[in-house]
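Down below is the structure, laid out as structure tokens.
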Amino acid sequence: MHGQNPEIIQSASSLAIFDMTGNLPPPVPHVFESEYRWAMQEVLNRDDLASLFASHSFNGTERDRAAGAEFVSRRLTEAPDPDQIVITSSTQVALLSLILGIVGVGGRLVVDHVTYPSIGQFASFFGYEVIPLPIDAEGMEPEAFRDACRTHSPKAVYSTPTLQNPTTGIMSLERRQEIANIAREYGVTIIEDDIYSLLPTDQPPPLSAFAPEISWYVLGTTKGVAAGLKTCYVVAPSAQEAKARFWPGVRATYWMCAPANVTAVTRLIESGRIEQIISAVRDETRKRQAMVAEFLAGTGFRAKREGLHVWLPLPARVAGRRFVKELELLGTRIAPGELYAVGDAAPPNGVRFGTGKPASVDDLRMRVEQIRATYEQLMGDR
Ligand SMILES: Cc1ncc(COP(=O)(O)O)c(C=O)c1O
């Protein structure tokens, strides 16, 4: 670096590397702005603002929990009692609180061998053990799960049965029943992250619907509404367990929701306006995935038309990391498969990218063309 102008280095390094590693919902300002502004105005118009902000909100108010129960009933076959609902400030913190409370230090958590990366990272920070299991096109394999229950006596299983991360699998109804039955047979708690379920219109009920008495069902708004909305609804197996896990015991965490935001989300749910936003995100996601399907045809990519990410498997001779490096030379960053690998499991060779970050379908097309060009170039290299 000696002798080089730091400004030039800075501008070269920040020069147009466009990060598509995250799986964000696409922006829908034409709908989101008017709906969220309306909801915030409803909050500001209240005549009890001081008391709304006077203390921690913990699980939200009774009205917030009732709205949460209504929101999750779109997925659960039976609407939960509002007292089973815990409202948190993100899915991530809900999962962390649950894993720490249920699995704990030294306990074992069964996961897909590739999964939401934070689950593996938290294991090393907080001292629980992850047991990574093989997956097929649908997700976790039942026989592997049964074996793991027998040999490792896990406390819980973490699963994203709709739109596995990163491989995009969606578990069939039969698979969900099987996994839920095995969990029940071995007394393993289900921690179900249904965060990608707001967009698909055709999918089986969650695992939790098949074993509600042992399930913690988690439905966050980050992926189906807006990345910054954060509000997340957790359904506990019972009202008593909701209280015991989150309040009054868990003070030393940051799971509590912020009153202004959760009140606005409550109004969006009560008024039905949240559906306008979800539907706009879904339409935009479909457009984006249709374009991706056209440009990546013949590559063996995996995606769902209402999914936010795309998985591109690669042959062994084209390492995912090399693909990522080559693509960065064109100014676009995506993620190698290793990022999602848990424990000592061999990572799958491939790359993942999110479709939501570019501002428009045209902007995304330009990035996908680069991905296709990199694919052709590396597949041609011998
Ligand atoms: C599977 C999964 N769960 C949870 C999260 C985090 O959600 P939140 O922003 O609500 O913490 C993500 C975000 O990338 C995710 O992919």
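A straight line joining the Cα centroids of the range 44-91 and the range 253-317 runs 23 Å.
Think of the chain as having a plus end and a minus end, set by charges on the Cβ of Lys, Arg, Asp and Glu; of Pro166, Gln177, Gly139, Pro166 sits farthest toward the positive end of this dipole. Taking a ≥ b ≥ c as the square roots of the eigenvalues of the Cα gyration tensor, an a/c ratio below 1.5 marks the range 80-186 as rounded.
A 1.4 Å probe run over the range 295-382, with the rest of the protein chains in place, finds 45 Å² accessible per residue.
Given their separation in residues at 0.36 nm each and the Cα-Cα distance between them, Asp147 and Arg37 gain 34.5 nm when the chain is fully extended. Here the peptides 89-98, 141-150 are ranked by packing, the mean other Cβ count within 10 Å, and the order with the highest first is 89-98, 141-150. Seen through its C-alpha gyration tensor, with square-root eigenvalues sorted a ≥ b ≥ c, the range 18-91 comes out oblate because a/c lies at 1.5 or above while a/b is not bigger than b/c. Remark: the Ala373-Arg46 segment gains 112.3 nm on full extension, using 0.36 nm per residue and subtracting the alpha carbon distance. Modelled spin-label separation between Ser118 and Arg322, with each label point placed 7 Å from Cα along the Cα-to-Cβ direction: 3.4 nm.
Under the simplified labelling scheme, the Asp381-Asp19 pair shows an inter-label distance of 2.5 nm, with each label point 7 Å from Cα along Cα→Cβ. Out of the total accessible area of the chain (probe 1.4 Å, heavy atoms of protein only), what percent is carbon and sulfur? For the chain, the apolar C and S fraction of the accessible surface comes to 53 percent. Summed over qualifying helices (DSSP H, 4 residues or more, each -39500 (n - 2.57)) and divided by its residue number, the chain shows a 222 nm mean residue ellipticity of -13000 deg cm²/dmol.
Prolate is the label for the range 33-273, because the ratio a/c of its alpha-carbon gyration tensor axes (a ≥ b ≥ c) is 1.5 or higher and a/b is greater than b/c. Stretching Val361 away from Arg184 to a fully extended chain increases their span by 59.3 nm, per 0.36 nm per residue minus the current alpha-carbon distance. A crude spin-label estimate for the pair Glu62 and Arg74, with each label 7 Å from Cα along the Cβ direction, gives 2.6 nm.
The values are calculated or read from the model by the stated rules, or taken from the named source; none is laboratory data. What you see is a predicted model, and the numbers here were worked out from it, not measured in a lab. Backbone-built Cβ (ideal geometry, glycine too); neighbour counts: all protein chains shown. Just the protein is used for accessible areas: all its heavy atoms, side chains included, with ligands, DNA and RNA removed. Shrake-Rupley method; radii C 1.70, N 1.55, O 1.52, S 1.80 Å.
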